[in-house]
Every structure is written in structure tokens, then in C-alpha cells.
1. Among the numbered criteria (1) within 16 Å of the ligand (Cβ to nearest atom); (2) β-branched (V, I, T); (3) open to solvent by 40 Å² or more (accessible area, probe 1.4 Å), which single criterion is violated by I27?
2. Determine if segment 71-92 includes at least one residue that is assigned to a strand (DSSP E or B), more than 8 Å from the ligand (Cβ to nearest atom), in contact (Cβ under 8 Å) with a residue 40 or more places away in the chain and more than 15 Å from the chain's Cα centre (by Cα).
3. Out of the residues in segment 98-132 that are touching a residue at least 24 places away in the same chain (Cβ under 8 Å) and assigned to a loop (DSSP other than H, G, I, E, B), which is surrounded by the fewest Cβ atoms within 10 Å (Cβ to Cβ)?
4. Tell me, which helices (runs of 4 or more DSSP H) lie completely within segment 153-256 with 2 or more residues that are closer than 25 Å to I118 by Cα and away from the ligand (no atom under 11 Å from the Cβ)?
5. Counting just the residues of segment 225-256 that are free of Cβ contacts under 8 Å to residues at least 40 places away in the same chain and more than 17 Å from A38 (Cα to Cα), which one comes out least open to solvent (accessible area, probe 1.4 Å)?
6. Restricting to segment 152-188, give me the number of residues that are within 19 Å of the chain's Cα centre (by Cα) and not aliphatic (A, V, I, L, M).
7. Taking interchain pairs and intrachain pairs at least six residues apart, which have beta carbon atoms under 6 angstrom, with the first residue in segment 188-213 and under 12 Å from P99 (Cβ atoms) and the second open to solvent by less than 60 Å² (accessible area, probe 1.4 Å) and of a type in the set (G, A, S)?
8. Kindly provide the set of residues from segment 133-155 that are polar (S, T, N, Q) and either within 17 Å of A185 (Cβ to Cβ) or open to solvent by less than 30 Å² (accessible area, probe 1.4 Å) (or both), ordered by number.
Amino acid sequence: MTVNEQLSNLIDLSGKRALVTGGGKGIGAAITTRLLQAGAEVTIADNDETLHTETFKDLVPPRFIHCDITVPEQLTAAVEDAAGGSNLDILINNAGIYPPTGPIAEVSDEFVTRMLDINVRAQFSASREAANLMGNGGAIVNISSIAALRGGAGISAYSTSKAALIGLTRAFANELGRRRIRVNAIAPGIINTPGLNEQNEALKAEGLDVYAAITANPLRLAGEPDYIARAALFLVSDLSVFITGRLLVVDGGATD
Ligand SMILES: NC(=O)c1ccc[n+]([C@@H]2O[C@H](COP(=O)([O-])OP(=O)(O)OC[C@H]3O[C@@H](n4cnc5c(N)ncnc54)[C@H](O)[C@@H]3O)[C@@H](O)[C@H]2O)c1
């Protein structure tokens, strides 16, 4: 790769096969859109049947696979399907949940187990399955959260799960690097998504006013899914060819 390489070539994903978990809406849908724009063949693995296909109406549509990422057979089938009988090039571990945890004293083991299963264990499995089909070269992006860095009252289990993803990112990057598989993570700030809107009232009860927080950053910008998608595109493209095992914080500068 030389400095003379065309900029358009560095973000050209044509011929690449990508899997986006939870790509049906929110941040995952925005990432899917950017990957499609860059020419990738994208498969969405999502457990929500009400996928709004009009989101992608001006693009080559992504394929949709009904998949609960916590069910191993469904996850394996989704990864294999996305690879289309050949190699997989890109995995975006985006699907995750963030119901309020409640005060630490009241958090049950069942709640923590469920949170870790969806937000960490499934990402581990997806990364392993995807890496098996990546051959020599590929990119994995894990969607963590600024909650991993700063914690937060009432979201202890969520913060714990998202911090674990950073360790996963470093470990996989280290081990898979020799196969030129790059593994990075993004920590989004507060982003205006359907999931956040659904949680708004419950989070408010925990003392988190997400709408007040959404523009509480030095840029005074309300967090939009596409801001995360642009960072994801950077991390899967050759623009970031020498970057692996890193956490990219995308929060308008909100986190110290
Ligand atoms: N919105 C934010 O403010 C914010 C901030 C930091 C990190 N994040 C992280 O970004 C990711 C996406 O968040 P979002 O706000 O876009 O969420 P969202 O709820 O709007 O969308 C999440 C998507 O994941 C799918 N999904 C959930 N559980 C699944 C499962 N078990 N199997 C398959 N698909 C599943 C849902 O159906 C949905 O389409 C999550 O990992 C979240 O923790 C979000």
C-alpha cells in the first residue's frame, strides 16, 4: 500500500462480505447503510422481525437472517450464511441490550448472567465463528460503550459487560493479528436510537436523563447513529490498516 493509493480505494469494500448483528435498527442499521454504500455485501442477523427495510431503500438491500445471537446454532448459521460458502471479511458485533440495572444491592445473578450472555458471551462466540471463516485478513468491530469507561449509577451490569468487550477486543486482536485480522472496538456516547427511546422512562427512574445527556458534550451535537457508522467504516477499511486492539471513543468529547 502506497501513499499514492486513491482515497476512494482505501474505503472501497466491494467484494467484501460483512455480518452486522442487530443491524435491523439503530446503530446497527446505520453501520449497515455505510457498509452498503462502500460496496460490501451485508447480512444482518437480528431477532426483531419488524425490520424496516425502507431504511436501505436506495441501496442494494442487505440480507436478513432471523437470529438470536445467544442461540449458538442460530449464530453459527448466520455467520456461515453471511460468508456465502466462502470467506467472511467483516464482523460488526453490534447487537446488545441496555436495560437499567437498578441499585447494585438489588441486582440479581440472573440479571447479570443474562446481560453478560447477550453483551459479551455472544460476541465472543460470533468473533470465534467469524474468524474461523476469515482466512488471512478481516476486520472485527465490537460496539462497546462509554459506560465501560466511566461506569454509572444504575447501570452496573451494563458497564461491566461493555468493559469486558474491551478485553475481548485486545485478546482477539493479539491472537488473530498474525492472520491479518484486525479487531477494534468503538465506545459510542449517548446516541439517539429506537432502543434508547424505549429505555428512556426506565433510565429516568434511575436518575439518567438521556435527552439532557444526549447533547452534553463539547461539540453540543446530539449523538446520531451515523456518527458511529462513520467510525465503524474507518475501522473496517484500509484507512485503519495499522490499527488493531484499540478502543475508539466516539462521543463528541463527552468522556474525560
Ligand atoms: N444508543 C446508545 O446510546 C448506545 C450507547 C453506547 C453503546 N450502545 C450500544 O450500541 C449497540 C446498539 O445499540 P442501539 O441503541 O442501536 O440499540 P437498538 O435497541 O436501537 O437496536 C439494537 C438491535 O439489536 C437487536 N438485538 C437485540 N438483542 C438481540 C439478540 N439477542 N440477537 C439478535 N439481535 C438482537 C435488536 O433487535 C435491534 O435491532 C448496543 O450494543 C448498545 O449497547 C448504544
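1. Going through the list (1) within 16 Å of the ligand (Cβ to nearest atom); (2) β-branched (V, I, T); (3) open to solvent by 40 Å² or more (accessible area, probe 1.4 Å), I27 breaks only (3).
2. no
3. P103
4. Hits in segment 153-256: 156-176, 194-205, 225-236.
5. Among residues in segment 225-256 that are free of Cβ contacts under 8 Å to residues at least 40 places away in the same chain and more than 17 Å from A38 (Cα to Cα), the one least open to solvent (accessible area, probe 1.4 Å) is G253.
6. The number of residues fulfilling the criteria is 12.
7. G195/G26; E206/G154
8. N142, S144, S145
The values are calculated or read from the model by the stated rules, or taken from the named source; none is laboratory data. Values in this document were obtained by computation on a predicted structure and should not be read as measured data. Note: ideal-geometry Cβ built from the backbone for every residue, glycine included; neighbour counts use all protein chains shown. The accessibility values were calculated without ligands, DNA or RNA, using every heavy atom of the protein model including side chains. Shrake-Rupley method; radii C 1.70, N 1.55, O 1.52, S 1.80 Å.
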